[in-house]
1. Which numbered condition trips up Asn100, out of (1) modelled with pLDDT under 95; (2) touching a helix residue (DSSP H, G or I) at 6+ places or on another chain (Cβ under 9 Å); (3) surrounded by fewer than 23 Cβ atoms within 10 Å (Cβ to Cβ)?
2. Collect the residues in the stretch 170-184 that are of a type outside the set (A, V, I, L, M) and in contact with a Leu (Cβ under 8 Å, 6 or more places away or on another chain), keeping them in residue-number order.
3. Restricting the search to the stretch 124-169, which residues are in contact with a Leu (Cβ under 7 Å, 6 or more places away or on another chain) and within 18 Å of Thr256 (Cβ to Cβ)?
4. Of everything in the stretch 74-91 that's of a type in the set (S, T, N, Q) and touching a strand residue (DSSP E or B) at 6+ places or on another chain (Cβ under 6 Å), which residue is nearest to Asp4 (Cα to Cα)?
5. Taking Ala24, is it buried (at least 22 other Cβ atoms within 10 Å of the Cβ), within 24 Å of Thr256 (Cβ to Cβ) and either in contact (Cβ under 8 Å) with a residue 60 or more places away in the chain or hydroxyl-bearing (Ser, Thr, Tyr) (or both)?
6. What number of residues in the stretch 162-182 are over 16 Å from Ala219 (Cβ atoms) and buried (at least 24 other Cβ atoms within 10 Å of the Cβ)?
7. Being out of contact with any His (no Cβ under 9 Å at 6 or more places or on another chain) and among the hydroxyl-bearing types (Ser, Thr, Tyr) is the filter here; which residues of the stretch 196-218 pass it?
8. Before we move on, is Thr44 of a type outside the set (Gly, Ala, Ser) and either buried (at least 24 other Cβ atoms within 10 Å of the Cβ) or in contact with a helix residue (DSSP H, G or I) (Cβ under 7 Å, 6 or more places away or on another chain) (or both)?
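The values are calculated or read from the model by the stated rules, or taken from the named source; none is laboratory data. Small disclaimer: the values here were computed from a predicted structure and weren't measured. Reconstructed Cβ throughout: ideal geometry from the backbone, glycine too, with neighbour counts over all protein chains shown.
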Amino acid sequence: MTADTHDVVIAGSGVAGLSAAVYAARADLDPLVLEGDEPGGQLTLTTDVENYLGFPEGVGGMELIQQGKEQAEQFGAQFRHGSIESADLDGQPKALTLSNGETIHTRALVVATGASARWVGADNEADLMGHGLSTCATCDGAFHRGDDVLVVGGGDSAMEEALFLAKFADSVTVVHRREELRASEIMADRARDHDDIDFRWNTELRSIHGSTEEGVTAATLISHPEGHPREKFESGTEVETERVDVGGVFYAVGHTPNTGFLRNTGVELDDDGYVLPQTDGDGRATARTTVDGVFAAGDVADPRYRQAITAAGTGSMAALDVEAFLETLEGSEPAPVEA
C-alpha cells in the first residue's frame with residue numbers, strides 16, 4: 001500500500017463486510033471499511049438471532065454486528081462513514097468517489113453492500129421493523145410459534161415464506177393486492193394446498209399495530225374487488241377496511257441490491273442488479289467478479305439464501321481471494337494517482 005492507495009477497500013459493514021475485514025486485517029492488508037448508508041446492514045433490524053453458529057442462547061442483531069466490528073478493529077481494520085457514489089474500476093489503482101465527494105484509491109475492492117428489502121409503506125412499519133415485522137421468515141419465523149401471521153406478497157418468495165412460517169404459526173394469511181399470484185405454478189399450488197395457509201385477494205396492508213415492547217398485535221387491511229386497493233384509496237375510491245389480530249407480519253415483496261455504483265463499470269450484474277460471481281477454472285465458486293481486483297460478498301451477490309451465516313462465509317472467501325490477487329501484483333508498481 002502507498003500513502004495514496006489502499007490495498008483493499010471493503011464497501012459495506014454488514015456480516016459479509018465485517019467477515020472480509022477480519023480476514024483481510026489478519027492478513028496485514030490494512031483494510032478500509034466504508035460503512036455505507038445503513039451501517040451494519042439488514043441484521044441491525046433483527047432483535048434476536050438464534051441461528052448464527054456459536055450463540056446457543058441467541059444474540060441481538062446489533063450486538064453481533066458490534067462484536068464483529070470490534071473484532072475487525074482489533075486486527076487493524078479502519079472504518080469510515082460513507083458510501084460509494086461512482087467507481088472507475090479500470091486498471092490499477094481503482095478510483096472510488098464517495099458520497100461526500102472525496103475520491104479514494106485502492107488496489108482491490110470487496111463489494112459487500114447488501115440488498116435492501118422492499119417495504120410496502122404501511123403505517124408504523126419503521127417503528128415495528130424487527131419487533132414482529134420482518135423481511136425474513138427463515139430468520140424470525142421460529143419466534144412466532146402459535147401466532148397468526150400475515151405474509152405480504154404474491155411471488156415465489158412470498159410462497160416460500162408462507163410455507164416456512166406454516167411450520168410454526170397457527171395460521172398464515174397471504175395478503176396480495178391482486179387476485180392472481182406472480183409465483184410459479186408449483187409454488188402457488190403448494191401454498192394453496194396447505195391447510196394452514198389462507199389468501200386475502202385484492203387486499204393490501206395499510207397499518208401495523210403494536211409497540212416495540214409488545215411487538216405486532218394487529219394489522220389494518222384494505223381491499224377492493226378490482227384489486228390494487230391502496231391506489232383506489234389514495235384516489236378517493238371507497239375501499240373495505242378491516243382490522244385483524246396478528247402476532248407477526250412478514251414482507252416478501254423482493255429486495256433491491258445496492259449496486260447502483262457498479263452499473264457503468266465492467267462488473268457483470270444479473271437482470272435484477274445482483275453481482276454475478278465468477279467460477280474458477282474447475283467450475284468452483286469464487287468471490288471474483290468480471291473485473292480483476294473486484295470481489296463480491298454477501299447478499300449483494302446472493303438473492304437465494306440471504307442468511308447471516310452464508311454472508312459471513314462469502315466475506316471470508318472474498319478476503320482470501322483478495323489476498324491471492326494482491327500477491328499477483330507484488331513487484332508491480334501501481335499507476336500514479338492523479339491529484
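1. Unmet condition: (2).
2. In the first step, residues of the stretch 170-184 are kept if they are of a type outside the set (A, V, I, L, M); the result is 170-171, 173, 176-180, 182, 184.
Residue satisfying the conditions is Thr173 alone.
3. Result: Glu125, Met129, Val152, Gly154.
4. First, the residues of the stretch 74-91 that are of a type in the set (S, T, N, Q): 74, 78, 83, 86.
Within this subset, residues satisfying the condition of being touching a strand residue (DSSP E or B) at 6+ places or on another chain (Cβ under 6 Å) are 78, 83, 86.
Values: Gln78: 15, Ser83: 19, Ser86: 18 Å.
Only one residue fits best here, namely Gln78.
5. On the way: buried (at least 22 other Cβ atoms within 10 Å of the Cβ): yes; within 24 Å of Thr256 (Cβ to Cβ): no; either in contact (Cβ under 8 Å) with a residue 60 or more places away in the chain or hydroxyl-bearing (Ser, Thr, Tyr) (or both): yes.
No.
6. So in the stretch 162-182, the residues over 16 Å from Ala219 (Cβ atoms) come out as 163-164, 166-168, 178-182.
Subsequent filtering for residues that are buried (at least 24 other Cβ atoms within 10 Å of the Cβ) retains none.
Matching residues across the stretch 162-182 total 0.
7. Taking the stretch 196-218 as the starting set, the residues that turn out to be out of contact with any His (no Cβ under 9 Å at 6 or more places or on another chain) are 196-198, 205-209.
The one that is out of contact with any His (no Cβ under 9 Å at 6 or more places or on another chain) and among the hydroxyl-bearing types (Ser, Thr, Tyr): Ser207.
8. yes
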